[in-house]
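Reviewing the structure listed below.
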Amino acid sequence: MIKASDVAKGTFILINNQPHVCVEREYVNPGKGSAFVRLKLKNIKTGSVLRQTNKVQDNLEDVSVEYKEVQFLYADAESYAFMDTKTYEQFSIPSEGEEEKRDFLKDGENYQVVFWEQTPIDIKLPTKMVFTVSEAERAERGDTVSGATKVITCETGLKVKVPLFIKTGDRILVNTETREYQERVNN
Amino acid sequence: MTDAGLRGRLESHARFASEIRGYFTARGYVEVETPTLSPFLIPEPAIEVFQTEYLGPGGHPRDLWLIPSPELWMKRLVGRGSGNIFQISRSFRNGDVGSPLHNPEFRLLEWYTVGSGYVESIDVLEGLFSHLLSSGWEKRTRQLSPPFHRLTMNEAFQRYAGFDLAGCQDVEDLVRAARRAGVRMPEESTWEEAFHIAFLTSVEPALPRDAPLVLLDYPSLVPTTARRAAAGPWAQRWELFVDGVEIANCYTEETDTEALTALLREEGERKKASRVQHAVDDGLAAAFPRGFPTVSGTALGVDRLEMVFSGEKSLEGVILFPFSDIVP
């Protein structure tokens, strides 16, 4: 069991025997009466979304899931292909509804994938990842206004707003939740 | 490196509060200051509070609590004949943060108008919005200009949940109607919990956002210090929503000692389920002398108001040191 107040984005819970992942979680306290969490939950098998409101002290049924270390191989039109790093077994995860993750999947990089009853259900991204800048315009000479930025492209196609001194070939740290530039990484 | 925009932001932030003060002062409200450290509080089961300790004479410790709102002190002033008063106070609410709309320490504006009910207070708030829009916060004029939309809670349920709340005064009826409307309801709940679950799931997310919205006449079964309406199962209470964000809460205040005593007793019982316990204010029930005129009280989240007037989506945009930054 898991307390409704402990459910976070990415938590897996069971509803009517169907595994759901929490995609949005909002704490609501009307001030008078009780406090609540408003959840948006996605059914992992069907992709259908449901909304429900729980009292913060409600108990929900959590799902026991397994995390496996896998290597990203490639993406095709409908899915992402991975390989289990222990068994070398290959499998794919449908990309529908998870298109925004494409920008963070690097060929040959290892990721954590969540399995429920032998089925891969979710790709976990590290909060911060290093990317290499593949395309960057050169900063205009003399442009020294503090806080000025430009948009660059990384090896996965990810576009990030960065300070003007970043150039092609630089390695940068990016927050995968906010898609924001964090800092330049020294080689 | 210095922050080039900082000075401007500080000036704008300071002026927002001073424009609010100027508005109320010009209308005859006296600004007051009341304690933030209190030896007792009004029991509010949904609100966790902060407890602290006073090292009194001889080192004898006394429990004290930080106020979740200045209501208990301001009502005492009103009951003693202060006339119209207002205050922007620091208020404190413990528990869950993790939300762009909550900061444990925040600014609460409260104002009390003697001889006036809850509906008249909407005019006062519309006046404040007009004043702020004409004082330099005119960028969002289209979404923030009065008149506000007005909708009763029953109309909102009819419109967005598809059932009549007035006809659901038993918890079983309410749960059945909500389930028919597609809301996932728990097996067991009180009427108040069932109401809030239905409201938060199907009504509140659907409320119109093109202009500020006043939602009037909350169910009297939600326990508050609002006076009951003359007819129907409603309380003389409204809340203001701007762009889906709850900004203000207003009552025609209950001034009857017996009714307040009963409320404080019941809420004191329910408060026992809270994590942080506190001494209960037993002076509030008798704050108003018998026959005291009608009085309305409004509480408004100043940080949230500044957020919507600045076009920000998170309190972090208007709070200089957000809690999540200083207590990571």
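Restricting to region B:213-233, give me the number of residues that are more than 14 Å from chain A (Cβ to nearest Cβ) and either aliphatic (A, V, I, L, M) or over 16 Å from the mean Cα position of the chain (by Cα) (or both).
Residues meeting the conditions: 9.
Going by the conditions given, is residue B:99 in contact with a strand residue (DSSP E or B) (Cβ under 8 Å, 6 or more places away or on another chain), within 14 Å of another protein chain (Cβ to nearest Cβ) and without any contact (Cβ under 8 Å) to a residue 24 or more places away in the chain?
It is true that residue B:99 is in contact with a strand residue (DSSP E or B) (Cβ under 8 Å, 6 or more places away or on another chain), within 14 Å of another protein chain (Cβ to nearest Cβ) and without any contact (Cβ under 8 Å) to a residue 24 or more places away in the chain.
For region B:246-328, which helices (runs of 4 or more DSSP H) that fit wholly inside it have 2 or more residues that are in contact with a helix residue (DSSP H, G or I) (Cβ under 6 Å, 6 or more places away or on another chain)?
B:257-271, B:302-309
In region A:74-87, what residues are open to solvent by 50 Å² or more (accessible area, probe 1.4 Å) and within 14 Å of residue A:108 (Cβ to Cβ)? Spell out the reasoning first.
Taking region A:74-87 first, the residues open to solvent by 50 Å² or more (accessible area, probe 1.4 Å) are A:74, A:76-78, A:86-87.
Of everything in region A:74-87, just one residue is open to solvent by 50 Å² or more (accessible area, probe 1.4 Å) and within 14 Å of residue A:108 (Cβ to Cβ), namely A:74.
Restricting the search to region A:38-60, which residues are facing chain B (nearest Cβ under 8 Å) and either open to solvent by less than 50 Å² (accessible area, probe 1.4 Å) or touching a Cys at 6+ places or on another chain (Cβ under 8 Å) (or both)?
Those that are facing chain B (nearest Cβ under 8 Å) and either open to solvent by less than 50 Å² (accessible area, probe 1.4 Å) or touching a Cys at 6+ places or on another chain (Cβ under 8 Å) (or both): A:38, A:50, A:52, A:53, A:54, A:55, A:56, A:58.
Tally up the residues in region B:287-309 that are in contact (Cβ under 8 Å) with a residue 60 or more places away in the chain and surrounded by fewer than 17 Cβ atoms within 10 Å (Cβ to Cβ), please.
Selection size over region B:287-309: 4.
Cβ contacts < 7 Å: first residue among the aromatic types (Phe, Trp, Tyr), restricted to region A:27-55; second residue in a strand (DSSP E or B) and open to solvent by 10 Å² or more (accessible area, probe 1.4 Å), any location; separation 6+ or different chain. Result?
Here the result reads A:36/A:28; A:36/A:54; A:36/A:55, each pair linking region A:27-55 to a residue that is in a strand (DSSP E or B) and open to solvent by 10 Å² or more (accessible area, probe 1.4 Å).
Exactly one condition in (1) touching a strand residue (DSSP E or B) at 6+ places or on another chain (Cβ under 8 Å); (2) modelled with pLDDT of 95 or more; (3) part of a loop (DSSP other than H, G, I, E, B) is false for residue B:81; which is it?
The single condition residue B:81 does not satisfy is (1).
Give region B:190-212 a look and list any residue that's closer than 22 Å to residue B:311 by Cβ and crowded, with 22+ Cβ neighbours inside 10 Å, or say none.
The answer is B:212, and nothing else.
What's the number of the only condition in (1) under 29 Å from residue B:116 (Cα atoms); (2) at pLDDT below 95; (3) outside any helix (DSSP H, G or I); (4) not hydroxyl-bearing (Ser, Thr, Tyr) that residue B:214 fails to meet?
Every condition holds for residue B:214 apart from (2).
Which of the residues spanning region A:146-178 are assigned to a loop (DSSP other than H, G, I, E, B), free of Cβ contacts under 8 Å to residues at least 60 places away in the same chain and of a type outside the set (Gly, Ala, Ser)? Write out each step before concluding.
Let us first name the residues in region A:146-178 that are assigned to a loop (DSSP other than H, G, I, E, B), namely A:146-148, A:155-158, A:164-170, A:176-178.
Still in the running and free of Cβ contacts under 8 Å to residues at least 60 places away in the same chain: A:146-148, A:155-158, A:164-170, A:177-178.
Across region A:146-178, the qualifying residues are A:155, A:156, A:158, A:164, A:165, A:166, A:167, A:168, A:170, A:177, A:178.
Could we say that residue B:234 is open to solvent by 20 Å² or more (accessible area, probe 1.4 Å), touching a residue at least 24 places away in the same chain (Cβ under 8 Å), of a type in the set (A, V, I, L, M, F, W, C) and more than 17 Å from residue B:152 (Cα to Cα) here?
Working: open to solvent by 20 Å² or more (accessible area, probe 1.4 Å): yes; touching a residue at least 24 places away in the same chain (Cβ under 8 Å): yes; of a type in the set (A, V, I, L, M, F, W, C): yes; more than 17 Å from residue B:152 (Cα to Cα): no.
Answer is no for this residue.
Across region A:1-31, which residue is farthest from residue B:249 (Cα to Cα) among those that are at the interface with chain B (Cβ under 7 Å from one of its Cβ atoms) and touching a His at 6+ places or on another chain (Cβ under 9 Å)?
Checking each candidate, the answer is A:27.
Scan region B:162-189 for residues that are loosely packed, with under 14 Cβ neighbours inside 10 Å and either more than 20 Å from residue B:46 (Cα to Cα) or under 22 Å from the mean Cα position of the chain (by Cα) (or both) and jot them down.
Listed by number, the residues that qualify are B:162, B:164, B:167, B:169, B:170, B:172, B:179, B:180, B:182, B:187.
Look at region B:31-44 and say how many of its residues are touching a residue at least 40 places away in the same chain (Cβ under 8 Å), in a loop (DSSP other than H, G, I, E, B) and surrounded by 13 or more Cβ atoms within 10 Å (Cβ to Cβ).
The number of residues fulfilling the criteria is 8.
I'd like to check something: does region B:77-89 contain any residue that is over 25 Å from residue B:291 (Cβ atoms) and without any contact (Cβ under 8 Å) to a residue 60 or more places away in the chain?
yes
Could you tell me which residue of region B:45-78 is nearest to the other protein chains (Cβ to nearest Cβ), considering only residues that are open to solvent by 40 Å² or more (accessible area, probe 1.4 Å) and small (Gly, Ala, Ser)?
Among them, the one singled out is B:59.
Return the residues of region B:229-245 that are assigned to a strand (DSSP E or B) and out of contact with any strand residue (DSSP E or B) (no Cβ under 6 Å at 6 or more places or on another chain); say none if nothing qualifies.
If the condition is that a residue be assigned to a strand (DSSP E or B) and out of contact with any strand residue (DSSP E or B) (no Cβ under 6 Å at 6 or more places or on another chain), then B:234, B:242, B:245 are the ones that fit.
Could you check, for region B:86-95, whether at least one of its residues is outside any strand (DSSP E or B) and within 14 Å of another protein chain (Cβ to nearest Cβ)?
Checked against the condition, which is being outside any strand (DSSP E or B) and within 14 Å of another protein chain (Cβ to nearest Cβ), region B:86-95 yields at least one hit.
I'm trying to understand the selection: among the residues of region B:97-134, which are in a helix (DSSP H, G or I) and open to solvent by 10 Å² or more (accessible area, probe 1.4 Å)? Break it down into steps so the answer makes sense when it comes.
First, pick out the residues of region B:97-134 that are in a helix (DSSP H, G or I): B:118-133.
Matches in region B:97-134: B:118, B:119, B:120, B:123, B:124, B:126, B:127, B:130, B:131, B:133.
Can you confirm whether residue B:129 is aromatic (Phe, Trp, Tyr), in contact (Cβ under 8 Å) with a residue 24 or more places away in the chain and within 14 Å of chain A (Cβ to nearest Cβ)?
no
The values are calculated or read from the model by the stated rules, or taken from the named source; none is laboratory data. Since the model is a prediction, treat every value here as computed from it, not as a measurement. As a convention, Cβ positions derive from the backbone with ideal geometry for all residues, glycine included, and neighbour counts pool all protein chains shown. These accessible areas exclude ligands, DNA and RNA; they are computed on the full protein's heavy atoms, side chains included. Shrake-Rupley method; radii C 1.70, N 1.55, O 1.52, S 1.80 Å.
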